[in-house]
Amino acid sequence: MRRLASAALLVFSACATTAPAPLHLSGAALGRRELVKRILPHNVRVFVMDGRDAKRTASGVVVGSELTTSGAQSYVLTNAHVLDTQGAKEPSLVVAVDHGLDSVEYAAEPVAVGKVPEMDLALVKVRGVTLAAAQLASEEELELGDDVVVVAAPFGRSLSLSGGIVSQVDRDPKSRALRMVKTDAPIGYGSSGGGVYSLSTGKLLAIVEGYRTAKVGFAMDQRDFSFEVPMPGETFAAPSSKVRAFLESSGFGRFLSEGTPSAQAALR
């Protein structure tokens with residue numbers, strides 16, 4: 001997790017089975033509980049290991065799966081900074097898939113890694129499993145003030161939810177393309193790569209990149225202590241348009257096809 005302190009004591013913290021039917025929301029609107037149940041299977045926990053020890057924990061979102069001549073494989077989107085293995089003697093990557101109270105771990109490998117900070121996204125491949133893929137929203141579906149839910153795994157523990165709204169939409173002043181979005185949904189360490197979903201459509205709006213905290217210091221018994229408090233509206237994420245551009249430029253645009261959010265039928 002990257003951290004960058006400023007003079008104002010602000011800390012910029014970067015957060016590291018068979019697929020169910022795809023999400024279809026035509027017809028009657030789903031309630032929050034049912035919508036969340038459909039969103040959760042798209043999300044996993046990510047561990048960067050050094051031997052048997054977890055060097056870093058993060059979150060991830062399944063964006064595609066396919067059947068190949070060597071078997072099933074799924075693809076998980078997370079942050080590029082999560083995959084830093086510098087200093088590790090026996091580095092490896094593990095993806096944990098939660099099924100209620102049970103969890104299954106799979107070995108994974110990076111297949112596309114963006115350059116930080118311009119493109120803090122990475123795609124990892126998980127062999128031997130077909131996971132439910134999230135449906136990526138279009139840029140037009142993301143609006144300031146939209147209700148959202150963030151699914152992530154703070155501190156590597158089980159998936160958790162936090163809710164809020166889209167609190168800021170940052171566009172390039174020349175091209176008007178989306179560069180970043182913010183939400184006031186609070187997150188914690190290990191939420192890098194978590195999914196930001198629309199509560200009206202269930203689609204993936206963005207991938208969490210980090211959050212900003214205020215550092216609060218105090219003295220007790222002649223000793224200095226400090227703790228960090230997440231700042232409202234300062235959870236920032238890569239918008240769906242950036243995710244789409246990353247997948248296309250990395251040669252995985254096939255997972256963006258409408259109507260194929262889960263396993264691809266053709267063998268590759």
Please verify whether residue 132 is assigned to a loop (DSSP other than H, G, I, E, B), touching a strand residue (DSSP E or B) at 6+ places or on another chain (Cβ under 8 Å) and closer than 14 Å to residue 44 by Cβ, treating the condition exactly as stated. yes
(message) Take residue 108 and tell me if it is small (Gly, Ala, Ser), closer than 24 Å to residue 186 by Cβ and modelled with pLDDT of 95 or more.
(response) no
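Return the only residue of 125, 89 being among the basic types (Lys, Arg) and surrounded by 15 or more Cβ atoms within 10 Å (Cβ to Cβ). Steps first, please.
Numbers: 89 fails: surrounded by 15 or more Cβ atoms within 10 Å (Cβ to Cβ).
Being among the basic types (Lys, Arg) and surrounded by 15 or more Cβ atoms within 10 Å (Cβ to Cβ) holds for just one of 125, 89, which is 125.
If you take the residues in segment 175-225 that are charged (D, E, K, R) and either surrounded by 24 or more Cβ atoms within 10 Å (Cβ to Cβ) or in contact with a helix residue (DSSP H, G or I) (Cβ under 8 Å, 6 or more places away or on another chain) (or both), which one is farthest from residue 80 (Cα to Cα)?
Of segment 175-225, the ones charged (D, E, K, R) are 176, 179, 182, 184, 203, 209, 212, 215, 221, 223-224.
So of that shortlist, the ones also either surrounded by 24 or more Cβ atoms within 10 Å (Cβ to Cβ) or in contact with a helix residue (DSSP H, G or I) (Cβ under 8 Å, 6 or more places away or on another chain) (or both) come out as 179, 203, 209.
Numbers: 179: 17, 203: 22, 209: 9 Å.
By that ranking, first place goes to 203.
What residue, of 102, 120, 98, is modelled with pLDDT of 95 or more and either surrounded by 15 or more Cβ atoms within 10 Å (Cβ to Cβ) or closer than 30 Å to residue 70 by Cα (or both)?
Step by step, each of 102, 120, 98 is checked, and only 120 is modelled with pLDDT of 95 or more and either surrounded by 15 or more Cβ atoms within 10 Å (Cβ to Cβ) or closer than 30 Å to residue 70 by Cα (or both).
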Reported set for segment 4-58 where residues are more than 14 Å from residue 190 (Cβ to Cβ), at pLDDT below 75 and not hydrophobic (A, V, I, L, M, F, W, C) is 6, 17, 18, 20, 22, 24, 26, 27
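The values are calculated or read from the model by the stated rules, or taken from the named source; none is laboratory data. In this text, all values refer to a predicted model and were calculated from it rather than measured experimentally. Don't worry about glycine lacking a Cβ; one is built from the backbone with ideal geometry, like all the others, and counts go over all protein chains shown.
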